[in-house]
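Participant: One structure follows; several queries about it will come next.
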There are 2 protein chains.
Amino acid sequence: MAGSTRDRLIDAAARTLAEHGMAATSARAIGSRAGVNPALIYYHFDSLVGLLVETSRHLTQQRALTYQQRLAPVRSLSELAAVARGLHQEEHASGNLSVLAQLLAGSRTHPELATALNDNFDLLANEVASTLERLLTDSALAGLLDTDQVARAVSAGFIGIELLDTISAGDDAALFDTLDTITALVDAVLDAGTIPTALIRRRIRTGGPTSPQVGLG
Amino acid sequence: MAGSTRDRLIDAAARTLAEHGMAATSARAIGSRAGVNPALIYYHFDSLVGLLVETSRHLTQQRALTYQQRLAPVRSLSELAAVARGLHQEEHASGNLSVLAQLLAGSRTHPELATALNDNFDLLANEVASTLERLLTDSALAGLLDTDQVARAVSAGFIGIELLDTISAGDDAALFDTLDTITALVDAVLDAGTIPTALIRRRIRTGGPTSPQVGLG
DNA sequence: GTCTATAACTCGATAGAC
DNA sequence: GTCTATCGAGTTATAGAC
């Protein structure tokens, strides 16, 4: 509750976005939740969208350091999956992930949000990408995977999961259990050193789906 | 342009959602785009949200058959990835994916949207899940992966990618190339029959990240 | 089924007092 | 830096003519 009016407005904006969504995040709703006159939004941030941009920036910078510290000690994909699961849980519980999802959706209506979100998102995704790059160096997968894109795909997954959680709440545990299984599998295969990388590279070069092949049976 | 007024409204709602987002999808905007009086929304659908619910239902049922037909001949994970990539491309280009993302975001503000979206989403996700189930039967991964959750994760990824595309448009090709690499890798490993499933099952039982182990180097 | 007109309300944003 | 008061435009939704 404490803090400057400016901080209270940012906090109220985030809470309103997370709980009631973009459409319900009006100047009046934010001011009411902050216990502050809505007109102060325009004094401190020029516009309502300006407040939302600052909200995104504030949350991102607040989290970037946490990401760095958590990812630094990671030494395997399984560990990375465990850390990612923990981070997701925090971002979900705190509402940060919902805020991001709502702002992303709103950026289609308010294009000035898009550029700000893009910078902020990269800040966090790059932490994941560099961690992946470090883990895969000297492994059989080195150079085979575009770590930036993997990080992007994982981040996209988190955002999508958050939105799906809106309509069918709760069973994210089963989903993350499955993701843990997958990463444990990849780890095990990497440890065993049995990846036929030459075969994979050949398939990738040919582009299309697998050549004449009998399937998985 | 043709079709009944009802159909024109549904089409106009979808287009407006995809291009301008939830916040800009007002009765006036939809009516204007449909070339129809906005009051007709309330005659045909009772409310604006009612129109959005019908829009979701219409798009989903229209696509369910396509999914079934495309997924039926799939015989490997690589093929599945290729089909998924094609379906994603269609849903993105047609705007269906953007519509889904916007409705999901809007369902936080309009809870009555959530239940409708939940049913519709399951319809498509179940197609993917049953395909996965079929592919993995008799493979080394049978029973190890929760195919419902994998389908859910992949669907979530698509939705997230769509939202990220709003703020940094365009480079989805690199992302899907990376996903193709991953599936090719999994296929190759499955074909080689070198998955140490016993090891994986043991790790999963213990729960935590990998036991004493030197990492990937 | 489709239209006009409008009620009742909320929106973002500003002017100006303090 | 914070407030009140308000403008002008937009919103959903309805009543009633045709």
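The values are calculated or read from the model by the stated rules, or taken from the named source; none is laboratory data. Remember, predicted model here, so these are calculated numbers, not experimental data. Please note: Cβ atoms are built from the backbone with ideal geometry, for glycine as well, and neighbour counts cover all protein chains shown.
Participant: Which one is nearest to the other protein chains (Cβ to nearest Cβ), of the residues in the stretch B:2-22 that are under 16 Å from residue B:47 (Cα atoms), within 13 Å of DNA strand C (Cβ to nearest atom) and hydrophobic (A, V, I, L, M, F, W, C)?
Facilitator: B:12
Participant: Considering the stretch B:31-52 alone, what residues qualify as being near DNA strand D (Cβ under 8 Å from one of its atoms), under 27 Å from the mean Cα position of the chain (by Cα) and not hydroxyl-bearing (Ser, Thr, Tyr)?
Facilitator: B:48, B:49, B:50 - these are the residues of the stretch B:31-52 that are near DNA strand D (Cβ under 8 Å from one of its atoms), under 27 Å from the mean Cα position of the chain (by Cα) and not hydroxyl-bearing (Ser, Thr, Tyr).
Participant: Next up: Here is a list: A:93, A:82. Which entry is hydrophobic (A, V, I, L, M, F, W, C), away from DNA strand C (no atom under 16 Å from the Cβ) and either away from every other protein chain (no Cβ under 14 Å) or assigned to a loop (DSSP other than H, G, I, E, B) (or both)?
Facilitator: Going through A:93, A:82 in turn, just one is hydrophobic (A, V, I, L, M, F, W, C), away from DNA strand C (no atom under 16 Å from the Cβ) and either away from every other protein chain (no Cβ under 14 Å) or assigned to a loop (DSSP other than H, G, I, E, B) (or both): A:93.
Participant: Could you go through the stretch A:110-129 and let me know if any residue there is under 22 Å from residue A:172 (Cβ atoms), within 12 Å of chain B (Cβ to nearest Cβ), β-branched (Val, Ile, Thr) and touching a Leu at 6+ places or on another chain (Cβ under 8 Å).
Facilitator: no
Participant: Do we find that residue B:112 is closer than 21 Å to residue A:156 by Cβ, in contact (Cβ under 8 Å) with a residue 12 or more places away in the chain and of a type in the set (Asp, Glu) in this structure?
Facilitator: Spelling it out, it is not the case that residue B:112 is closer than 21 Å to residue A:156 by Cβ, in contact (Cβ under 8 Å) with a residue 12 or more places away in the chain and of a type in the set (Asp, Glu).
Participant: Okay, moving on. Looking at B:25, B:55, can you tell me which residue is more than 12 Å from DNA strand D (Cβ to nearest atom) and β-branched (Val, Ile, Thr)?
Facilitator: So the residue among B:25, B:55 that is more than 12 Å from DNA strand D (Cβ to nearest atom) and β-branched (Val, Ile, Thr) is B:55.
Participant: From the set of residues in the stretch A:1-13 that are out of contact with any His (no Cβ under 6 Å at 6 or more places or on another chain) and in contact (Cβ under 8 Å) with a residue 12 or more places away in the chain, which is nearest to residue A:163 (Cα to Cα)?
Facilitator: A:13
Participant: Mind checking whether some residue in the stretch A:159-170 is modelled with pLDDT under 85, buried (at least 20 other Cβ atoms within 10 Å of the Cβ) and more than 8 Å from every other protein chain (Cβ to nearest Cβ)?
Facilitator: Within the stretch A:159-170, none of the residues are modelled with pLDDT under 85, buried (at least 20 other Cβ atoms within 10 Å of the Cβ) and more than 8 Å from every other protein chain (Cβ to nearest Cβ).
Participant: Is it the case, given these coordinates, that residue A:71 is out of contact with any strand residue (DSSP E or B) (no Cβ under 9 Å at 6 or more places or on another chain) and more than 14 Å from every other protein chain (Cβ to nearest Cβ)?
Facilitator: For residue A:71, the condition - out of contact with any strand residue (DSSP E or B) (no Cβ under 9 Å at 6 or more places or on another chain) and more than 14 Å from every other protein chain (Cβ to nearest Cβ) - is not met.
Participant: Which one is surrounded by the fewest Cβ atoms within 10 Å (Cβ to Cβ) among residues in the stretch B:14-62 that are under 22 Å from residue B:119 (Cα atoms) and without any contact (Cβ under 8 Å) to a residue 12 or more places away in the chain?
Facilitator: B:62
Participant: State all residues of the stretch A:1-22 that are more than 10 Å from DNA strand D (Cβ to nearest atom), more than 25 Å from the chain's Cα centre (by Cα) and not small (Gly, Ala, Ser); if no residue qualifies, say none.
Facilitator: A:1
Participant: In the stretch B:26-56, what residues are more than 12 Å from DNA strand C (Cβ to nearest atom) and within 14 Å of chain A (Cβ to nearest Cβ)?
Facilitator: B:29, B:48, B:49, B:52, B:53, B:56, listed by residue number.
Participant: Hey, another quick one. Regarding residue A:138, is this residue buried (at least 18 other Cβ atoms within 10 Å of the Cβ), of a type in the set (Asp, Glu) and facing chain B (nearest Cβ under 7 Å)?
Facilitator: no
Participant: Could you check residue B:187 against (1) within 7 Å of another protein chain (Cβ to nearest Cβ); (2) closer than 21 Å to residue B:125 by Cα and say which number it fails?
Facilitator: All conditions are met except number (2).
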